[in-house]
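The values are calculated or read from the model by the stated rules, or taken from the named source; none is laboratory data. Just so we're clear, the structure is a prediction, and the values are computed from it rather than from any experiment. Heads up, the Cβs are rebuilt from the backbone with ideal geometry, glycines too, and the neighbour counts pull from every protein chain shown. Accessible surface areas use protein heavy atoms only, side chains included; no ligands, DNA or RNA. Shrake-Rupley method; radii C 1.70, N 1.55, O 1.52, S 1.80 Å.
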Amino acid sequence: MSDFDQELDAKGIACPLPILKTKKLIKGMNPGQILKITATDPGSVKDFSAFCVQTGNELLSSDENDGVYSYLIKVNA
């Protein structure tokens, strides 16, 4: 069993596309669900943090491993 409900692979695309794809996917999710995002754009670290503050969603974790950034976002809105 995974610790997330949906997954978005945003590797290889530059911001703002990972944020736009996340925004679209979250619209179809229910409050309390978890979205896992993987990205390779180093700018995504600040972008996802700001996105969660602006949208009211919760950034549960933000990790980096060999240039791949992983985020878990809890949908609150």
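Miscellaneous remarks
- Gaussian network model of the chain, springs between alpha carbon atoms under 10 Å - residue of Asn30, Asn57, Asn65 with greatest fluctuation: Asn65
- Annotation: the chain has a Kirkwood hydrodynamic radius of 12.2 angstrom, from the mean reciprocal C-alpha pair distance.
- Aspartates and glutamates whose Cα lies under 15 Å from that of Lys21, excluding same-chain neighbours fewer than 8 positions away: Glu7, Asp9, Asp41, Asp47
- Separation in nanometres of the label points that stand 7 Å from Cα toward Cβ, at Val68 and Glu7: 0.9 nm
- Nearest 10 degrees, 0 to 90: helix 44-55 Cα axis against the chain principal axis: 20 degrees
- Value of relative contact order over the chain, rounded to a whole percent, pairs C-alpha under 8 Å and six or more apart: 35 percent
- Annotation: the antiparallel percentage among DSSP beta bridges lying fully within the chain is about 70.
- Of the solvent-accessible surface of the chain, computed with a 1.4 Å probe over protein heavy atoms with every protein chain present, carbon and sulfur atoms account for 51 percent.
- Separation between Cα centres of segment 1-26 and segment 41-62, rounded to whole Å: 11 Å
- Heavy-atom accessible area per residue - the chain, 1.4 Å, Å²: 60 Å²
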